[in-house]
Amino acid sequence: MTERCQHTGCAARGGIVVHGGTIAGQLTASVEISGNVSSEAEGNILKIMPPLSCGRIRHIAAVVIDESESDRGQVLFIGGWDDGGWTLAVCKVDLATGACTAQPSLLC
């Protein structure tokens, strides 16, 4: 795993997923997965995934959601800090591609 801070992690498919944060003082969109997270893998692996299409982000809440639609699983990002400052945005992230899809806000 790349040394980073202000990141978010969650468990998905038997592995640990680390999203965003800062690396060497720079905000990042990188995603790494550690563990046995793929049917073709034997034992533990470290896989660098495509970067997040929603850009660089830190201090987010990440919740694993229905994983059947993605080869690597899906995560719901809620809030956090992006290039524009604090955000209340909600997006669905496909871990296989890094694609972020905007979701309805949780605010009424």
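Every read-out reported here was derived from the displayed coordinates using simple, explicitly stated rules and does not represent laboratory data. Remember, it's a predicted structure, so these values are computed and weren't measured experimentally. Because the Cβ atoms are built from the backbone with ideal geometry, glycine has one as well, and the counts that use them run over all protein chains shown.
Taking 1.002 mPa s as the viscosity and 20 °C as the temperature, the Stokes-Einstein diffusion coefficient of the chain based on its alpha-carbon Kirkwood radius rounds to 155 µm²/s. Other residues lying with their Cβ under 14 Å from the Cβ of C91 contribute a combined charge of 0, Lys and Arg counting +1, Asp and Glu -1.
Counting Lys and Arg as +1 and Asp and Glu as -1 over every other residue whose Cβ lies under 15 Å from the Cβ of V18, the net charge comes to +4. Pairwise Cα distances in the range 64-108 exceed 12 Å in 60 percent of cases.
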